[in-house]
1. Once you have a ≥ b ≥ c as the square roots of the Cα gyration tensor eigenvalues for the protein assembly as shown, tell me rounded if a/c is under 1.5, and otherwise prolate or oblate according to whether a/b is larger than b/c.
2. Any aspartates and glutamates with Cα under 12 Å of the A:Lys26 Cα? List them, leaving off those in the same chain fewer than 8 positions away.
3. For region A:151-278, just list the percent of Cα-Cα distances falling in each 5 Å bin from zero outward, please.
4. So what's region B:41-89 giving for Rg/Rh, alpha carbon basis, Kirkwood Rh from the mean inverse pair distance?
5. Among A:Pro295, A:Met276, A:Gly245, whose Cα projects farthest towards the positive end of the dipole of region A:243-314, with charges put on the beta-carbon of Lys, Arg (+1) and Asp, Glu (-1)?
6. Once you put a point 7 Å from the Cα of B:Leu177 and another 7 Å from the Cα of A:Arg306, both along the Cβ direction, what distance in nm separates them?
7. Which length gain, in nm to one decimal place, applies between A:Ala126 and A:Asp139 when the Cα-Cα distance is subtracted from 0.36 nm times their residue separation?
8. Under 1.5 on a/c is rounded, so check that first for region B:30-137, then, if it is not, pick prolate when a/b is larger than b/c and oblate when it is not; a ≥ b ≥ c are the square roots of the alpha carbon gyration tensor eigenvalues.
Amino acid sequence: MTTLQHRRRETPDSHDYPTRSYDLVKEFVIALALVTGLSLVLAGIFSSPDDPSITMSGWAKAAPSDVVATAAGELAGTTTSATYGAPYNHASEGQSVLGLKLQKWGGVGIPVNSADLVLQPLRGVAGDPRTALALAAWDAMSPTQQTQAATAYADALAKAPDGDPTAVAAGNYGPVPALAQAFLRLAQSGGLEGSLTSSGTFYGGDQTRSMLLLADGAYLEDTAVADHLGGDQWGMMNEVGNYPGQPWMWLYTFWYQVKPFSTSENADAQVWMLMMGLTLVLMFLPWIPGLRSIPRWIPVHRLVWRDHYRRRSS
Amino acid sequence: MSSAPTTERGTWTEAVRNRLSHTVPEGQVLPDRQPAYVASWIYVFGVLTLAGLFVVIGSGVVLSMGGATWWHTSSLGHFVNSVHLWSVELFFACMVIHLWGKFWMAAWRGHRGLTWVTGVVAFLTSIGAAFTGYLTQSNFSSQWISGEAKDGINSIGVGSWFNVLNPAQMLMWHIVLLPLGVGVIAVMHIVLVRRHGVVPPLGDEEATS
Amino acid sequence: MGIAFAAGTYVHWGVVSISLTNLLIIVGMIVIFVLALVIPFPGDHGSPTDGGDS
């Protein structure tokens with residue numbers, strides 16, 4: 001703005017300058033040919049990764065103890081999804097930033113009962129008296145008894161060598177071990193595929209419940225970490241194998257690698273707010289004093305317009 | 001706004017026509033001449049980005065013909081997916097180099113602030129489009145990325161409406177909503193460039209009296 | 001069902017951990033940026049006129 005201290009410098013109208021012939025359409029056609037050609041060549045040489053999904057049966061075969069532990073945790077209400085908060089349940093207030101309880105304010109718009117992630121598929125099993133009995137026993141217990149039995153079993157699994165269900169110490173676990181084993185058998189047989197997605201609807205399409213169950217186990221994350229995709233491995237930037245990832249995510253994932261974010265329970269909300277702020281700085285750069293003057297102080301532009309400056313001085 | 005002779009009752013059509021015809025100076029929609037200072041290879045990265053967007057959308061259109069899971073079972077589909085991935089990498093590389101160039105040229109000068117803003121918005125919208133693309137792969141990467149991303153989106157209270165665990169929703173955002181967004185913003189950005197012309201060199205400013 | 005891909009090659013420097021591929025992409029972009037600034041652009045390097053041709 002014009003002030004008493006200095007007059008505002010006005011950028012000249014670009015249309016007042018001498019011109020040269022410049023074929024924009026030819027330039028675009030050449031650019032299109034170049035990018036198309038490069039894309040085809042790069043695709044031909046390097047291809048693209050297609051790492052197969054983790055199926056429920058694949059999970060059960062690769063990490064059966066993890067499936068059993070996850071089932072016990074869902075029944076005990078101790079898994080990540082069971083204690084998540086919005087949008088799945090009211091178990092936690094969730095994350096906040098600058099005193100704003102954004103997660104909670106979002107509300108429980110996708111209600112998910114974590115115990116039902118295990119019980120619903122089991123209730124659909126026909127012709128298995130063992131499972132039917134275990135379910136009947138579970139339903140006959142009070143909520144407090146259910147939580148006690150499931151928690152005790154989950155704790156015992158954690159203490160067993162390698163989390164092996166066959167090596168669990170004797171205890172009063174009610175029908176929980178039977179339910180967890182039935183769930184593992186169902187998963188191994190392939191009966192769990194789609195059960196939490198399209199059961200009762202045929203078409204499905206929404207993988208929320210299946211993904212929450214899978215993410216409650218350790219196998220998904222273990223697989224990701226082995227592929228260098230973990231959150232504290234700059235994973236947001238990475239792709240499996242040696243494929244190109246998302247280099248443009250470098251700053252977003254950077255914050256997760258350093259304190260205070262790396263040890264914060266509110267890291268996601270905090271990093272989001274920080275990146276939102278930095279994005280606004282980038283967006284409104286033309287109006288930010290100091291930052292907008294950097295191109296004048298560091299004259300990279302003298303390379304761009306060197307012919308023009310030479311002509312002007314001669 | 002209108003300088004043309006009007007009928008007794010100005011029509012909406014006339015108003016829109018006049019508005020449109022004044023958006024870009026006469027002869028500047030597709031000029032065949034540029035200011036003489038437009039003479040550096042840095043200037044080609046805008047059009048390279050645009051070309052990249054065409055290849056991204058073009059390969060995406062072919063993928064759409066085969067469907068969302070075509071690339072898992074067809075080697076042609078897999079190749080087209082690879083073209084889509086690499087054209088996205090080229091698109092982002094050219095866009096960022098274009099951003100670097102425009103920053104060092106302080107290209108927002110001379111009432112070009114909105115050009116800069118639309119460029120940044122195009123960048124952000126493109127990131128969103130790429131993100132939903134990664135969610136649409138229907139493989140392990142989609143499983144892991146959705147599982148991680150849900151925590152970020154849920155933490156700010158948006159997860160009930162933008163459910164990254166729902167591929168049926170994310171696919172639609174990826175192939176309809178976000179490409180439309182990128183396209184509209186790219187058109188606005190390019191119209192603004194044609195409207196104001198390429199920014200003159202730093203140091204050519206005149207002091208106003 | 002196991003891990004389909006082994007993790008790629010990663011470069012570590014302090015807190016930074018970046019895949020070799022991503023690093024090459026970023027370095028490549030910087031190189032291309034510098035080249036775009038220094039390589040002469042074809043056309044008339046003398047005085048342009050309104051009727052001039054490149």
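Values quoted throughout were computed directly from the atomic coordinates according to the rules given, and no laboratory measurement underlies them. Note that this is a predicted model, so its numbers are computed, not measured. Cβ: placed from backbone, ideal geometry, glycine included. Neighbour counts: every protein chain shown.
1. Here the protein assembly as shown falls in the prolate category.
2. A:Lys26 reaches B:Asp32.
3. In order of increasing distance, the bins hold 2, 9, 11, 14, 14, 14, 14, 13, 8, 3, 1, 0 percent.
4. 1.12
5. Among A:Pro295, A:Met276, A:Gly245, the one farthest towards the positive end of the dipole of region A:243-314 is A:Pro295.
6. So the two model labels end up 4.8 nm from each other.
7. Computed gain between A:Ala126 and A:Asp139 is 3.0 nm.
8. Taking the square roots of the gyration eigenvalues as a ≥ b ≥ c, region B:30-137 is prolate.
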